[in-house]
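To start, the structure under review is shown below, and the notes come after it.
The values are calculated or read from the model by the stated rules, or taken from the named source; none is laboratory data. Not measured: the values here are computed from a predicted model. Positions of Cβ are backbone-derived with ideal geometry, glycine not excepted, and every protein chain shown enters the neighbour counts. In case anyone asks, the SASA skips ligands and DNA or RNA and just uses the protein heavy atoms, side chains included. Shrake-Rupley method; radii C 1.70, N 1.55, O 1.52, S 1.80 Å.
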Amino acid sequence: MIARLLASAALLSLPVASLAQTSPATMDATAREHAFDTQISSADQLAWLKDMSSAPNHVGSPHNLANAELQLALFKQWGWDARIETFEVLYPTPISTTLELIAPERATLGGQEPAVAEDPSSANLRGALPPYVAYQGDGDVTAPVVYVNYGMPDDYDALAARGISVKGKIVLARYGGGWRGLKPKLAQEHGAAGCLIYSDPADDGYGERDPFPRGGGRPEAGVQRGSVQDMTQYPGDPLTPGIAATPGARRLTRATAPTILKIPALPISYGDATKIMTRLEGPVVGGKERGGLPLAYHWGGTDAVKVHLAVRSDWSMKTLHDVIAIMPGKTRPDEWVVRGNHHDGWVFGASDPLTGQVALMSEAKALGALARTGWRPDRTIVYASWDGEEPGLLGSTEWVEAHADELARKAVLYINTDGNGRGFLNAEGSHDLQHFVNAAARDVTDPQTSVSVLDRLQAHVRADAYAGQTGRTDNATALAAARSGGDMPLGALGSGSDYSAFLQHLGIPSLDIGFGGEGGGGGSYHSIYDSFYHVTRFDDPGLVYGAVLSKMVGRLVLRAADGARVPARYGDFATTVSRYVADVKMLAADQREKDRALRDLARADVFKLASSPDDPTTAPADRGVTPLIDMLALEDAADRLGRSARAADAAVERMAALPPATRARMLALLRNVDQLLIDQRGLPGRPWFRNLVYAPGTLTGYGAKTLPGVREAIEQRRFADATTYVARTAAVLNAYADRLDAAADAVK
């Protein structure tokens, strides 16, 4: 460890002498950002990445702890007040995993992925865990196999229409279509005895790019590990929902923890999935439910194919190590700008998360260099290296729950990153920060084109729209912004990284920033091939975009820390909310029309007449007709929010000319306005999620649901809840508007 620290200390090679000629304490903001940029080094990032990804980094591993201690030492060396905060969490690791084909013949499946000669890390698996999914339910089952496509609700409807049941069977689901943890959860709810999840090459493999090592795509034997904790109920330690996992905390038992599943599950390669799929019987799978393997897909479910699945885990408590570094503010020490990335991985974790982590370390080093020449931020800056993100956002959630009261008083912004790659800016977050992000993106140069990263993103959106590509380009708002050269819209935050507790539990405005879309990577995700070799060969050669990420996020940190206020523009939020209200109205109308159409089709025996004798299907279940839902209160609140936002934005523009006492009162009113989007009662069935504008979907996981109390109640046909949450959502929007009105009135 000492040798590693000495070697890393040598990376402090970029001198601060060049900054001393003009002290950052007296520089204007633009000059200070330029000085910050001169301290960002891809060479630093490469050296840290090589070291930190040199051994397995899962929670509880020796190397993961060593990485935390390395960062602690470096933060201190760079002048930060740094410490490690620990939490004790339930984190299962596999003792044994078994997967065998029993019928029609016997074959051993599963196991660790094979080494690749070109990638030396892939042979360095001492201490690595085999492919597994955390928080599945241990068990030992032998049963027939049913292919369930993505294993989402529509897929179970398709099976029901064919009279195929998964009860007592092992389901085979492919990754995609929804979050990983929903696949065994829905299988469990439908009575399945076990769940296998594989990466189909149509989504992740040779259907996308050349497989590793020729390209960055997932190879035939590659396996995507991950967590299947039911994080749509709450993230963090399953035993301590809503409270920090500290000594003496009151804990649930494993049996009573609702986010731990009950059936065994394993991830497998598409090579092993092929050995099962080629033997399945039953109707042939067609259309969008068929994947990209070179074979005919069948639904299965007969005794012709049986699999033995067994998982046994160590369900002991493990210690998390969050590295927290603080640079106190000189004039507003009780206002915090928090910046985080996680350091734990499933194996080596070079891309996910360490490409983002070394970018964070570059920023911390550069800020330390500025501080050594006399500059101090106006607000306190907190840099956090989270542990335990991969199993369930453990480290960030426990830290937020431990410091919830203080964060609610002091935190003005949370900025998150995760894995990073080569290509285009992707930014998601609180929509009052949309202009703030775009302004920074206009001032950062894309290294491949020498235009700003914003200009390049706009060009990407326009080119893809012309080519008919889907994704961000099918968003009319994004395309209109790209064509006009205006601000690009932020995406909404769902879940899947460490912003969740900040935004969705406390209501702290949050951002998630990264680059990607051009590298040949992605196929290494959560496998042993997520290595230094893979990153530097395919994902971001030279970590050129690691430096770009540091410069982008560094500007956001500096501008938030030193500005008169965190630069929010409330009209952007109001415009976005109005669009969300229109969306939920359209959702209800479209669903009502589809319900009526189903009844007409069923009465005409359309489904029976259209059914093939080779694949007989029945009509979908009639679930009734979606009623008219009175959304007038929500429409009125959105309309009022728009007017209040325009007045507040106009008042902010005049703020510099106000008397100091008036300006201070106005800033105090605006500082925590985003927290007014919180309803302490939370969302239906999941009170931990309290933000009524942004939440992860219960049936999407990572994907965001906006106005979630209303939207999901309509989608899930909980119409009484929809009416309740129209009123509650309108109430938080009106509270937000009230605060904006008070701030605007301060000017008068």
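What's the ranking of 106-118, 293-305, 419-431 by average number of surrounding C-beta atoms within 10 Å, highest first? Present the calculation step by step, with values, prior to reporting the outcome.
Details: 106-118: 14.7, 293-305: 17.9, 419-431: 24.8.
Packing proxy ranking, top to bottom: 419-431, 293-305, 106-118.
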### Summary
With a ≥ b ≥ c from the Cα gyration tensor eigenvalues, square-rooted, and the rule rounded for a/c under 1.5, otherwise prolate when a/b > b/c and oblate otherwise, the stretch 197-296 is prolate
## Note on the structure
Share of accessible surface on carbon and sulfur in the chain, whole %, 1.4 Å probe and ligands ignored, is 53
### Per residue solvent-accessible surface (Å²) - the chain, probe of 1.4 Å
36
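What's the local net charge at Leu667, with K and R +1, D and E -1, over the other residues with C-beta under 10 Å away?
Values: positive: Arg332, Arg565, Arg663, Arg665, Arg671; negative: Glu335.
Taking every Cβ under 10 Å from that of Leu667, the sum is +4.
Using a Förster distance of 22 angstrom, determine the FRET efficiency expected from the C-beta separation of Val625 and Thr724, and round it to 0.05.
Numbers: r = 20 Å, r/R0 = 0.92.
The calculated FRET efficiency here is 0.65.
Could you give the size of the charge dipole of the stretch 508-601 about its Cα centre, using +1 on the Cβ of each K and R and -1 on the Cβ of each D and E, expressed in debye and rounded to the nearest 20? It would help to have the intermediate numbers written out before the result.
Numbers: 12 positive and 12 negative charges, 80 e Å.
Roughly 380 debye, rounded to the nearest 20.
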### Query
Taking the mean number of other Cβ atoms within 10 Å as a proxy for protection, how do you rank 221-228, 93-100, 210-217 from highest to lowest?
221-228, 210-217, 93-100
### Query
Amide H of Tyr132: which non-local residues (sequence gap of 5 or more, or other chain) have their own amide H closer than 5 Å, using H built in the peptide plane?
Gly226
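Test of the criteria: in the stretch 625-667, which trypsin sites (Lys or Arg not before Pro) are in a DSSP loop and have at most 12 other Cβ atoms within 10 angstrom of their Cβ?
Details: sites: Arg640, Arg643, Arg646, Arg654, Arg663, Arg665; in loops: Arg654.
Sparse-neighbourhood loop trypsin sites (Lys or Arg not before Pro): Arg654.
Exactly which trypsin sites (Lys or Arg not before Pro) in the stretch 518-572 are in a DSSP loop and have at most 13 other Cβ atoms within 10 Å?
Details: sites: Arg537, Lys551, Arg555, Arg559, Arg565, Arg569; in loops: Arg565, Arg569.
Sparse-neighbourhood loop trypsin sites (Lys or Arg not before Pro): none present.
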### Query
So which lysines pass the test for Lys365, namely a Cα distance under 16 Å, with those fewer than 8 places away in the same chain ruled out?
Lys76, Lys551
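Counting alpha carbon pairs within less than 8 Å and at least 6 residues apart, what relative contact order, in whole percent, applies to the stretch 398-536?
Numbers: 178 pairs, mean separation 55.9, N = 139.
After rounding, I find 40 percent.
Please compare each pair in Lys608/Lys705; Lys169/Lys705; Lys288/Lys594; Lys183/Lys306 to a cut-off of 24 Å on the Cα-Cα distance and tell me which ones are over it.
Too far apart for the 24 Å limit: Lys608/Lys705; Lys169/Lys705.
Over the stretch 321-413, what is the relative contact order in percent, taking alpha-carbon pairs closer than 8 angstrom and at least six residues apart? Write down the numbers at each step before the final one.
Working: 136 pairs, mean separation 44.6, N = 93.
Relative contact order, the stretch 321-413: 48 percent.
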### Summary
By the C-alpha gyration tensor axes a ≥ b ≥ c (rounded if a/c is under 1.5, else prolate when a/b exceeds b/c, else oblate), the shape of the stretch 577-657 is prolate
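Run the numbers on the chain and let me know its relative contact order in percent, using alpha-carbon pairs under 8 Å that are six or more apart.
Details: 1632 pairs, mean separation 123.8, N = 748.
Value for the chain: 17 percent.
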### Query
Which percent, nearest 5, of DSSP beta bridges in the chain are antiparallel?
60
### Query
When you count, for each residue, the other Cβ atoms within 10 Å and take the mean per peptide, how do 377-384, 589-596 rank with the highest first?
377-384, 589-596
## Note on the structure
Taking N as the number of residues in the stretch 436-587, the ratio of its alpha carbon radius of gyration to 2.2 N^0.38 Å works out to 1.16
